[in-house]
Amino acid sequence: MMQRTQALHLAPLLATTLVALACEKPPNPAAPKQPSFVTVDEKTDRITGGGKLDGGRDFATFGFNARSDDRGQIEWVQHCLDGVVTGSPTCSSGSFTFHGSTVGRYGAPAEDPTHCRAWSGTGEAKFQDGSTADDGFDVAACDFGQPGRGMDFICFSLSGYLRSGNLSGGNIQRHEGSPESFENACATTIVVTT
Amino acid sequence: MKRIVTRGIPRSLLALAALGAISGHTLPAGRWEAQTSYGVGGQGYAAVVNLATGTQQFAGAALPAEGGMANADLDNAAVANTFTASTLTSITTGMADSAGASAQTTAEAADVNILNGLITARQVLAVAASYGDQQGAASEAGGSMLLGVVVNGVPLAADDATPAPNTRTDLPGVGYVVLNEQTVTGDGVHSSSMTVNMIHVYVRDALTGVTTGEIVVGSAQSAVAL
């Protein structure tokens, strides 16, 4: 009898659930989701980050993952909303997207080995007119705390292009390890803010 | 080498697992044994058009389970009479270790045109960042921007003025739009996540008021669980 009573009480709930499932809209991919879970490799020094540098009509967005075992990648998007600006250190070639898929050298720069990492590699730049160009790149990135906005530092350099400064959005996170020393064109631009 | 020891499953992960079960998203069983106490998640879409006729995603990138980076680029996107844009990009990065976790996502598009000029924008950029360690967890949307936005023929006050979070404007005959839509979840101690949708159009049935579709441009998500 008790079981029958419980079943009767559950019936409306079950019906409501079935109706809710039947009426469910197709999932919106832009809706909030729960995070996935990761395993951690504590042996390898790594640095990850992403966000925005500067603002207005001349800024960059980026994301990277670089490791001391010479794996990683970087995406750098230079925005020049006023098009090509002759003489500009950042917009003389207009907007472009660079994807670096190799990490040739990686290490801790002498300027701040505690907070910063520098690495170099090769990749391809794609410009607004559809043209592409292979190029080598240098990066230096520093994790000065959280939030990264206004604190963390990044420098990205290509042939004839160098942009550096503190983040205007996003975050950079250094993951503990024991890298070798390494210097590149960007390492000398590091501004220690702590 | 520091060894990570997980003494039982953190409450935040249990809560997130429960959320996943409710929403129909279940965690692979094997992951529970291998995971550390920290986790990250990230996802970006330059644009999503979700109407009764189906869902189309443009330049979508999801952070791999082991962390790292994912990105997607698209020169142009178009859905007839609904949406056009150029230079669509999403980048998501993140990783967790024994000291903490960080995830960050950018999603952007240029020359955006929604519903035949009902909403236009020169540049759309969503930035979501979440981070946490033993001191707690937090998220933010700093750096997100809308440039040159015009809604129903009315430009924003200034060309480069990004509207305040969750600014809602009615769209007669269509529904409404939320600009700079920000959703933060988590307890700030064991978990934190951020979803930023820079332009989120809710298409509603004129008679019933029920939402029948969505158009989202610049959608960035980030999450950490400790």
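None of the figures in this text is laboratory data; all of them are computed from the coordinates on show. None of the values given here were measured: they were computed from a predicted structure. With ideal geometry, Cβ positions are generated from the backbone for all residues, glycine too; neighbour counts draw on all protein chains shown.
Structure notes:
- Fewest neighbouring Cβ atoms within 10 Å first, the residues A:E180, B:E108, B:E140 line up as A:E180, B:E140, B:E108.
- Per-residue ³J(HN,Hα) for the range B:212-226, Karplus 6.51 cos²θ - 1.76 cosθ + 1.60, θ = phi - 60°, Hz, x for Gly and Pro: 10, x, 9, 10, 10, 10, x, 10, 10, 10, 9, 7, 9, 10, 10
- From least to most packed, judged by other beta carbons within 10 angstrom and beginning with the fewest, A:T86, A:T188 follow the order A:T86, A:T188.
- Among B:S191, B:S86, B:S98, B:S130, a tally of other beta-carbon atoms within 10 Å of each Cβ gives an order, fewest to most, of B:S86, B:S98, B:S191, B:S130.
- Debye log10 I(q)/I(0) at q = 0.11, 0.14 Å⁻¹ for the range B:124-226, Cα point scatterers: -0.40, -0.60
- Shielding of peptide B:64-74 by partners, expressed as the average count of other chain Cβ atoms within 10 Å per residue Cβ, is 6.
- Note on B:142-151: average number of Cβ atoms from other chains within 10 Å of each residue's Cβ is 4.
- Comparing Cα centroids, the range B:77-94 and the range A:42-83 end up 20 angstrom apart.
- Label separation (A:A31 vs B:N76): 3.3 nm, computed from points 7 Å beyond Cα along the C-beta direction.
- Per-selection metrics, the range B:140-197 (Cα): Rg and Dmax in Å: 13.9, 44
- Using the alpha carbons alone, the radius of gyration of the range A:39-159 stands to its Kirkwood radius in an Rg to Rh ratio of 0.98.
- Remark: spin-label model distance B:D170-A:L162 equals 5.6 nm, labels positioned 7 Å along the Cα→Cβ axis.
- Computed magnitude of the charge dipole of the range B:84-226 (debye, nearest 20; Cβ of K, R +1, Cβ of D, E -1): 240
- Cα centroid separation, the range A:154-171 to the range B:174-189 (Å): 29
- Per residue of B:131-140, other chain Cβ atoms within 10 Å of the residue Cβ number 2 on average.
- Inter-probe distance in nm under a simple model that places probes 7 Å from Cα toward Cβ, at A:D135 and B:D187: 4.8
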